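A quick write-up on the structure given underneath.
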Amino acid sequence: MSPRSASVNEELRRRSRERLLQATVELVAERGYEATTLADIADRAGSARGLVSYYFPGKRQLLQSAVHRLMHRTLQAALEREPATRDGRELLARAIDAILGLTETSPVLMRTHMAGILQAEGFVQCPEQQRLAGLLRDTVEGYGSQDPDSDYPLLRALLMGAVFAVLMPGAPMPLPRLRAELFQRYGLDWELGVPPGGCPPGGTSQDTILQWPERSK
């Protein structure tokens with residue numbers, strides 16, 4: 001039996017890593033972070049316990065990579081859904097709605113993710129995070145940014161702040177209100193993306209709209 005090629009081995013490693021990330025998302029959503037062990041994740045993924053340590057330095061880093069993967073896949077699906085569009089304003093609206101929507105579909109995961117970022121571990125630079133960053137950067141570039149390397153981190157910070165505000169224990173902010181603020185900041189019509197039911201909430205001010213560089217024609 002001939003040995004596997006390097007490309008086959010690389011694909012097997014990729015699939016193994018993907019199974020661990022998916023198992024992490026499932027188990028933390030079901031049981032919470034503290035009740036989920038690395039052994040549980042390995043069992044759910046059908047992987048050897050040692051593979052978890054091979055790919056990830058610890059549970060917190062594994063969770064952040066898993067949530068970044070979830071965010072990337074959710075964002076990509078939103079940007080590519082039918083009807084397809086190249087309208088930069090529509091794509092930015094879809095991006096905002098996709099990330100904010102995770103506060104409703106995956107609140108435990110997103111709350112745990114935000115808590116981890118605010119702790120000593122900080123922001124994990126992993127392949128999943130880099131793919132997410134690339135999509136968001138491409139989105140602001142398509143929107144018309146003349147400096148996407150600077151404008152992308154601003155969008156990321158605003159989205160993270162909105163997610164935190166929605167999920168803050170004891171004093172959550174309503175998602176439609178935060179969405180309205182972000183849409184006004186970027187000059188987006190409420191009807192773009194996937195608007196919540198009903199009319200836009202009041203209380204926003206046109207003075208808060210970010211003066212974005214003029215979009216290229």
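With a Förster radius of 25 Å applied to the C-beta separation of LEU118 and ALA84, the computed FRET efficiency comes to 0.10. Subtracting the Cα-Cα distance of SER5 and GLU18 from their residue separation scaled by 0.36 nm leaves 2.7 nm.
Here is the list for the stretch 81-185: trypsin sites (Lys or Arg not before Pro) lying in DSSP coil, each with at most 10 other C-beta atoms within 10 angstrom of its C-beta, are ARG86.
The stretch 58-92 and the stretch 166-186 have Cα centres separated by 19 Å.
Per residue, the convex hull around the alpha carbon atoms of the stretch 13-67 comes to 63 Å³. Stretched out straight at 0.36 nm per residue, the stretch from LEU51 to SER150 would grow longer than its current Cα-Cα span by 32.0 nm. Helix 88-105 and the longest principal axis of the C-alpha atoms of the chain enclose an angle of approximately 60°. Computing Rg and the Kirkwood Rh from the Cα coordinates of the stretch 48-97 gives a ratio, Rg/Rh, of 1.24. Oblate is the label for the stretch 81-195, because the ratio a/c of its alpha-carbon gyration tensor axes (a ≥ b ≥ c) is 1.5 or higher and a/b is not greater than b/c.
Spin-label model, VAL194/ASP138: points 7 Å from Cα along the beta carbon direction are separated by 1.9 nm. Using C-alpha pairs under 8 Å with a sequence gap of at least 6, the mean separation divided by the residue count of the chain gives a relative contact order of 20 percent. Taken over the alpha carbons of the stretch 105-168 as equal point scatterers, the Debye sum produces base-10 log I(q)/I(0) values at 0.13, 0.20, 0.24, 0.27 Å⁻¹ of -0.41, -0.89, -1.12, -1.20. Go ahead and set up a Gaussian network model of the chain, Cα springs under 10 Å, then flag whichever of GLN146, GLN119, GLN130 fluctuates most. Of the options given, GLN119 has the highest mean-square fluctuation.
In whole percent, how big is the carbon plus sulfur part of the accessible area of the chain, probe 1.4 Å, protein atoms only? Whole-percent figure for carbon plus sulfur exposure: 53. Classify the stretch 1-146 from the C-alpha gyration tensor, please: rounded if a/c falls under 1.5, else prolate or oblate depending on whether a/b exceeds b/c. Judged from the Cα gyration tensor, the stretch 1-146 comes out oblate (a/c at least 1.5, b/c at or above a/b).
The values are calculated or read from the model by the stated rules, or taken from the named source; none is laboratory data. Model, not experiment: these values are computed from the prediction. Heads up, the Cβs are rebuilt from the backbone with ideal geometry, glycines too, and the neighbour counts pull from every protein chain shown. Note: areas computed on protein heavy atoms with side chains; ligands, DNA, RNA excluded. Shrake-Rupley method; radii C 1.70, N 1.55, O 1.52, S 1.80 Å.
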